[in-house]
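To keep things clear, I will list the structure first and then write my remarks on it.
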Amino acid sequence: MLTELGSKGGCLCEPARKGELRCPLIVRPTSEDVVTGHLFGVLKAINPRWWLPDLLNQALGEERFRRQVFRNLQIELWEKQRRYPRQHLNWSEGATEVDVVITWENPKTTVFIEMKYGSQLSTNTIHNKGSNGFPSNQLIRNARVGLRENGWFQEDVLFNGERRDFVLILLTPTTGNPLVQKYRDSSQLKEAIPDSERLSELPKLPFIGELGYRDVINILKQQRRWFSKPEQNLIDDLERYLQLKLSQLGKANGHGH
């Protein structure tokens with residue numbers, strides 16, 4: 001983050017410049033992973049009491065989560081989930097990697113976050129182009145996988161796993177993705193999931209929402225006074241960084257600020 005803000009990325013060696021070498025030290029302005037790492041690196045370092053419920057409530061459009069001490073809070077990036085059971089799909093599917101997984105235990109809750117920066121949601125996978133009668137975009141895939149991982153499906157086992165509350169959030173530069181509104185409707189959600197009759201219940205609705213980068217900036221600015229001075233410095237740097245990324249994206253798309 002500080003490298004990009006200070007424009008101190010340095011210069012590339014000749015093999016990297018020619019594309020002959022993939023250098024992990026290069027700051028790639030279009031990388032979603034870089035934005036994800038910076039954003040959640042800061043959020044991990046500051047008190048979740050003053051940002052986590054606000055972000056979730058903003059994303060869902062409801063005052064659903066309260067301020068509290070989040071017991072055993074974990075924030076994991078790029079976490080692979082179990083492979084979805086082949087007998088419940090009409091196509092082959094690899095393991096799903098979720099950009100951000102947030103969990104805590106009071107009450108037992110899991111949040112999946114799909115991050116986007118310069119790209120759109122993938123509309124299908126190699127093995128499902130939509131001809132199977134079910135969509136395979138990233139949002140419904142994360143919803144389907146998350147519901148299974150958190151115990152909402154009746155599984156083909158003697159004892160079903162422990163059920164956890166589940167929330168799915170799309171975090172993008174700007175909000176308004178039509179798939180979010182579509183799948184907030186439980187009937188349309190179930191229509192998009194094979195063998196959805198195994199879903200005897202769903203998490204409290206709505207459990208799918210979205211956030212824009214400016215939503216994150218505004219929430220942290222609103223709550224800034226409750227953080228310590230070192231935390232405020234991190235927040236200020238993060239605000240400048242997200243503003244920079246929005247500006248870069250606007251220029252890349254031919255827009256101004």
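The values are calculated or read from the model by the stated rules, or taken from the named source; none is laboratory data. From a predicted model like this one, the values you see are computed outputs, not experimental measurements. FYI the Cβ positions are ideal-geometry reconstructions off the backbone, even for glycines, and counts take in every protein chain you see. Ligands, DNA and RNA are stripped out before the accessible areas are found, and what is left, the full protein with its side chains, is counted by its heavy atoms. Shrake-Rupley method; radii C 1.70, N 1.55, O 1.52, S 1.80 Å.
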(request) Have a look at G61, G146, G133 and point out the one that is within 25 Å of S200 (Cβ to Cβ), of a type outside the set (A, V, I, L, M) and at pLDDT 95 or above. (result) G146
(request) Pull up the stretch 37-56, narrow it to residues that are under 15 Å from the mean Cα position of the chain (by Cα) and open to solvent by 10 Å² or more (accessible area, probe 1.4 Å), then point me to the one that is nearest to L238 (Cα to Cα). (result) H38
(message) Against the definition (surrounded by fewer than 18 Cβ atoms within 10 Å (Cβ to Cβ) and free of Cβ contacts under 8 Å to residues at least 40 places away in the same chain), how does E162 come out, yes or no?
(response) no
(request) Consider K116 carefully, then state whether it is touching a helix residue (DSSP H, G or I) at 6+ places or on another chain (Cβ under 9 Å) and either crowded, with 18+ Cβ neighbours inside 10 Å or modelled with pLDDT of 90 or more (or both). (result) yes
(message) If I go through the stretch 98-112 residue by residue, how many of them are open to solvent by 10 Å² or more (accessible area, probe 1.4 Å) and not polar (S, T, N, Q)?
(response) 4
(message) Return the residues of the stretch 181-211 that are in contact with a Phe, Trp or Tyr (Cβ under 7 Å, 6 or more places away or on another chain) and not aliphatic (A, V, I, L, M); say none if nothing qualifies.
(response) P194, R198, E201, P203, F207
